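The values are calculated or read from the model by the stated rules, or taken from the named source; none is laboratory data. Keep in mind that this is a model prediction, so the values were computed, not measured. A quick note on method: Cβ atoms are made from the backbone with ideal geometry, for glycine too, and the neighbour counts reach across all protein chains shown. In case anyone asks, the SASA skips ligands and DNA or RNA and just uses the protein heavy atoms, side chains included. Shrake-Rupley method; radii C 1.70, N 1.55, O 1.52, S 1.80 Å.
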Amino acid sequence: AEKPRTVRDLFEIVRIRRPALSEEDFIHTVAELKESGALELEMPPPRVDSYSAYLGVRDENAWFYLVVLATLATFLAIYVLPSRYPVVIVRWIVGSVFVLFLPGYATIQALFPEGKELDNIERFALTIGLSLAITPLIGLILNYTPWGIRLDPIVAALSLFTLAVAMAGTFRRYRLALKRLREAR
């Protein structure tokens, strides 16, 4: 049995067996099969030769850059924005995302790098749950350090944790891309 690597290859195989099949009908059938779950399509892995080159692939790493951007936005909201009433609401919102979403999101990306292990609802629920578990644990650890539980150490520790785990997630995805490239050969 032939194993097509691309949808175009699949179309050529089907076209040999059913010459009357139009390209539009084929596309429509593939879309229906994908929607029903009978067919799984995946993007080809990026052809990169190093981890730093992989980080340059925006489509693969958009989530990572959003985590970095959200962390930087948190720093700006905390240390640049004034803490007066109308502006403090922005600090609350950005801080809440930083504490209740980012640590868990980065952890989920590192633990489940393929993306197909969990659906979106499971991913979101685990993100919130892990954030609610990680943040107090970091606070507990900070309580036993000379810095204690204050704003600066908490921001620094959560930022370092989130960015380190996000880097681990990108590295795991890079390794999976290399593995898929080897299998495709």
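Averaged over every viewing direction, what's the projected area of the C-alpha convex hull for region 63-185? Give it in nm², one decimal, please.
8.8
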Quick calc, Arg175 & Glu24: beta-carbon distance into FRET formula, R0 35 Å, rounding 0.05, result 0.35
Expected unfolding gain across Leu69-Leu163 under the 0.36 nm per residue rule, minus the alpha-carbon gap, is 32.8 nm
For Lys34, the accessible surface traced by a 1.4 Å probe with all protein chains present amounts, in square angstrom to the nearest 10, to 110
Listed residues Thr145, Thr29, Thr135; largest mean-square fluctuation, Gaussian network over the chain with Cα springs below 10 Å, found at Thr29
GNM on the chain, Cα springs under 10 Å; top mean-square fluctuation among Arg15, Arg47, Arg175 goes to Arg15
With all protein chains present, the chain has a carbon and sulfur share of its accessible area (1.4 Å probe) in percent of 64
With a Förster distance of 35 angstrom and the Cβ-Cβ distance between Arg15 and Lys116, calculated FRET efficiency to the nearest 0.05 equals 0.75
Most packed first (mean Cβ within 10 Å per residue), the peptides 36-44, 151-159 order as 151-159, 36-44
Out of Ser131, Val88, Leu21 - ranked by how far each Cα lies towards the positive end of the dipole of region 1-135, with unit charges on the beta-carbon of charged residues - the top one is Val88
For the chain, whose charge dipole is built from +1 on Lys and Arg Cβ atoms and -1 on Asp and Glu Cβ atoms, the candidate among Phe98, Ala53, Trp147 with its Cα farthest towards the positive end is Trp147
Diffusion coefficient in µm²/s returned for region 26-97 by Stokes-Einstein, Kirkwood Rh over C-alpha pairs, 10 °C and 1.306 mPa s, is 99
Probe 1.4 Å, heavy atoms of protein chains only: per residue, the accessible area of the chain in Å² is 68
Output ordering of 75-82, 101-108 (per-residue mean of other Cβ within 10 Å, highest first) is 101-108, 75-82
The chain, Gaussian network, Cα under 10 Å: of Val14, Val87, Val97, the residue fluctuating most is Val14
From the Cα centre of region 90-153 to that of region 6-75, the distance in Å is 29
